[in-house]
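*Asks:* Before anything else, here's the structure in question.
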Amino acid sequence: MMNFEITFAGVASWFQSEGLPHDDNSILRALLLSEELPEDVQEQFFHLLIDRYENINFQSHRNFDEGVADHYCDVTKPLHQLSLRFLKDRELHGLDEALINLGLELAQDKQREAPFYESIHAFFGQGESNG
């Protein structure tokens, strides 16, 4: 679902419009660990993907005026880039490796004077039911 055409903020807006938990931790958990979501949430997540699939083409072919900010299309946001990196990591190296790398990245981020990923620092502290 998430690619360079659909940003993390875009996914968050989809979750919000569908009444799904849309805090950063919940979204990242749903993207990385979707098979661990409750069955009813998995079904809702699946319908969300089907309903929004056409938006991928729309968003990737939108015309933007120079200098006009679009929160939903900014692919440079750190959380969007982190999500892409770990979704790719999961595909290439497996879930366990991706989670280890995510944990290391978050530990490093917590040490920064101005953290990039503060909204997901509690990712590993949430219970699995918070999907």
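*Asks:* What's the total number of residues in the stretch 75-113 that are closer than 21 Å to SER34 by Cα and among the β-branched types (Val, Ile, Thr)?
*Replies:* 1
Condition check ((1) surrounded by fewer than 18 Cβ atoms within 10 Å (Cβ to Cβ); (2) under 13 Å from the mean Cα position of the chain (by Cα); (3) in contact (Cβ under 8 Å) with a residue 40 or more places away in the chain) across all residues:
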site: GLY10; (1), (2), (3): no, yes, yes
site: HIS22; (1), (2), (3): yes, yes, no
site: SER26; (1), (2), (3): no, yes, yes
site: PRO38; (1), (2), (3): yes, no, yes
site: PHE46; (1), (2), (3): yes, no, no
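*Asks:* Something else now. Could you tell me whether any residue of the stretch 58-78 is farther than 22 Å from ASP23 by Cβ, in a helix (DSSP H, G or I) and at pLDDT 90 or above? Walk me through how you get there before you give the answer.
*Replies:* First, pick out the residues of the stretch 58-78 that are farther than 22 Å from ASP23 by Cβ: 58-69.
From what's left, in a helix (DSSP H, G or I): 58-60.
Now drop any that are not at pLDDT 90 or above, which leaves none.
No - not one qualifying residue is present in the stretch 58-78.
*Asks:* Hey, another quick one. Which numbered condition trips up ARG112, out of (1) closer than 21 Å to PRO21 by Cα; (2) modelled with pLDDT of 85 or more?
*Replies:* Checking ARG112 against (1) closer than 21 Å to PRO21 by Cα; (2) modelled with pLDDT of 85 or more, the one that fails is (1).
*Asks:* Open to solvent by 40 Å² or more (accessible area, probe 1.4 Å), in contact with a His (Cβ under 9 Å, 6 or more places away or on another chain) and modelled with pLDDT under 95, is that true of LYS88? Before the answer, list the steps.
*Replies:* Working: open to solvent by 40 Å² or more (accessible area, probe 1.4 Å): yes; in contact with a His (Cβ under 9 Å, 6 or more places away or on another chain): no; modelled with pLDDT under 95: yes.
So LYS88 does not fit the description; no.
*Asks:* Criterion first (at pLDDT below 85, open to solvent by 40 Å² or more (accessible area, probe 1.4 Å), part of a helix (DSSP H, G or I) and within 24 Å of ALA122 (Cα to Cα)) does GLN42 satisfy it? Lay out the reasoning, then the answer.
*Replies:* Numbers: at pLDDT below 85: yes; open to solvent by 40 Å² or more (accessible area, probe 1.4 Å): yes; part of a helix (DSSP H, G or I): yes; within 24 Å of ALA122 (Cα to Cα): yes.
Spelling it out, GLN42 is indeed at pLDDT below 85, open to solvent by 40 Å² or more (accessible area, probe 1.4 Å), part of a helix (DSSP H, G or I) and within 24 Å of ALA122 (Cα to Cα).
The values are calculated or read from the model by the stated rules, or taken from the named source; none is laboratory data. Just so we're clear, the structure is a prediction, and the values are computed from it rather than from any experiment. Note that we place each Cβ from the backbone using ideal geometry, even for glycine, and neighbour counts take in every protein chain shown. Surface areas here come from the heavy atoms of the whole protein model, side chains and all, with no ligands, DNA or RNA. Shrake-Rupley method; radii C 1.70, N 1.55, O 1.52, S 1.80 Å.
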